[in-house]
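Inspection log for the structure reproduced underneath, given as structure tokens.
The values are calculated or read from the model by the stated rules, or taken from the named source; none is laboratory data. Keep in mind that this is a model prediction, so the values were computed, not measured. We place every Cβ from the backbone using ideal geometry, glycine too, and count neighbours over all the protein chains shown.
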Amino acid sequence: MAADEKQVLVKADHVKVYFKGTDKKAGVVKAVDDVSFEIFKGETFGVVGESGCGKSTLGRTLIQLIKPTEGSVFLDGKEISAMKGNELKQIRKKAQIIFQDPSACLNPRRTIRQILMEPFEIHRMHKVMDVDARVKELLQLVGLDTYHLSRYPHELSGGQKQRIGIARALALKPDIIICDEAVSALDVSVQAQVLNLLQELKEKLGLTYFFISHNLNVVYQISDRVGVMYLGKMAEIAAYDQLYEKRYHPYTEALLSAIPQINQEGQPERIRLQGEVPSPSNPPAGCRFHTRCPKASEKCRIAEPQLKEIEPGHFVACHLYQ
Ligand code: SF4
């Protein structure tokens with residue numbers, strides 16, 4: 001698809017999500033701090049970053065499970081961050097989420113049939129449509145058999161439970177699904193099967209994914225474009241192949257250097273970052289990465305770099321390219 005033919009499905013415009021700390025010392029936690037980007041219809045936008053960088057908070061804000069402190073979120077051109085009540089409930093049909101731990105989000109006292117009925121009951125659709133047929137169709141879509149309908153979650157394997165999580169997310173025919181570390185809790189072989197399933201469903205149903213992972217290798221396998229987050233900010237955004245070819249931000253370089261290459265000659269030297277990720281309640285001034293960046297200069301300690309398009313579709317927030 002040519003760049004000018006792409007349709008924006010989701011737009012985050014200067015989104016900030018701040019939380020009050022649990023005690024006075026903790027202050028305000030700036031989980032997401034002035035993030036703007038777009039997700040195109042039919043793409044998988046992968047977001048990667050270390051634990052605590054704000055990627056899950058951002059994902060939940062995109063579908064309004066969390067309200068932004070400032071800024072706006074648009075879905076299909078409508079500002080959903082300004083919606084409330086029934087209007088917002090209707091949007092939930094269009095925007096769903098798959099969580100990391102399927103065991104924690106499937107009610108252990110309900111059968112798989114009851115679990116898959118829930119979305120239709122919440123939206124009062126069970127009386128006006130053939131929900132049984134739809135539930136069977138959902139099971140088929142995720143590669144499970146109808147005999148699973150009478151089972152309870154504890155009777156299923158981890159991979160099967162995640163398939164149920166995916167089926168539930170698909171129930172109301174959403175446009176976008178937030179995959180929040182959706183394969184992180186699975187064994188590597190099951191992980192590959194679930195990634196393949198997500199890819200097949202995307203093509204078959206015309207879905208759009210916001211795919212969150214701390215593992216760049218996993219994000220690479222499924223994403224069309226990748227956003228790299230560091231301490232509540234987007235550090236770099238680019239198409240998968242652009243990023244593979246040339247990454248600019250020193251943080252992205254460090255993340256990528258940790259991925260083993262099949263061809264050892266193409267393996268970049270491992271960049272080991274020093275120090276811990278600073279607290280999001282007290283982020284460093286200037287560039288947030290300067291306390292760990294091997295290329296930091298005096299300017300980086302004072303001035304904050306802005307996310308700038310340095311090649312078509314390739315955005316970088318670093319003074320080295322501004
Ligand atoms: Fe490193 Fe400076 Fe670029 Fe930040 S702005 S990533 S500290 S070189």
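Things to note:
- Once region 295-304 is narrowed to residues that are part of a loop (DSSP other than H, G, I, E, B) and more than 8 Å from the ligand (Cβ to nearest atom), the residue that is nearest to Leu255 (Cα to Cα) is Glu304.
- Top-ranked residue in region 196-220 [being buried (at least 20 other Cβ atoms within 10 Å of the Cβ) and closer than 18 Å to Gly49 by Cβ; ranked as modelled with the lowest pLDDT]: Leu216
- Residue match in region 162-183 (condition: of a type in the set (Val, Ile, Thr), assigned by TED's automatic domain parsing to the domain that holds Gly42, in a loop (DSSP other than H, G, I, E, B) and out of contact with any Phe, Trp or Tyr (no Cβ under 8 Å at 6 or more places or on another chain)): yes
- Each residue in region 269-301 was checked for being farther than 20 Å from Val29 by Cβ, at pLDDT below 90 and surrounded by fewer than 13 Cβ atoms within 10 Å (Cβ to Cβ), and 4 pass.
- Glu269 within 12 Å of the ligand (Cβ to nearest atom) and over 24 Å from the mean Cα position of the chain (by Cα): no
- Here region 242-266 is the region considered, the condition is being at pLDDT 80 or above, within 21 Å of the chain's Cα centre (by Cα) and over 20 Å from Gly54 (Cα atoms), and the residue that is nearest to the ligand (Cβ to nearest atom) is Arg247.
- Within region 134-158, residues that are loosely packed, with under 15 Cβ neighbours inside 10 Å sit with their Cβ atoms under 9 Å from residues that are hydroxyl-bearing (Ser, Thr, Tyr) and not in a helix (DSSP H, G or I), at 6+ positions apart or across chains, in these pairs: Ser150/Thr111.
- Yes/no for Arg292 being closer than 22 Å to Glu70 by Cβ, within 14 Å of the ligand (Cβ to nearest atom), charged (D, E, K, R) and in a loop (DSSP other than H, G, I, E, B): no
- Scanning region 223-236 for residues that are away from the ligand (no atom under 12 Å from the Cβ), modelled with pLDDT under 95 and in the same structural domain as Thr57 (by TED's automatic domain parsing) turns up nothing.
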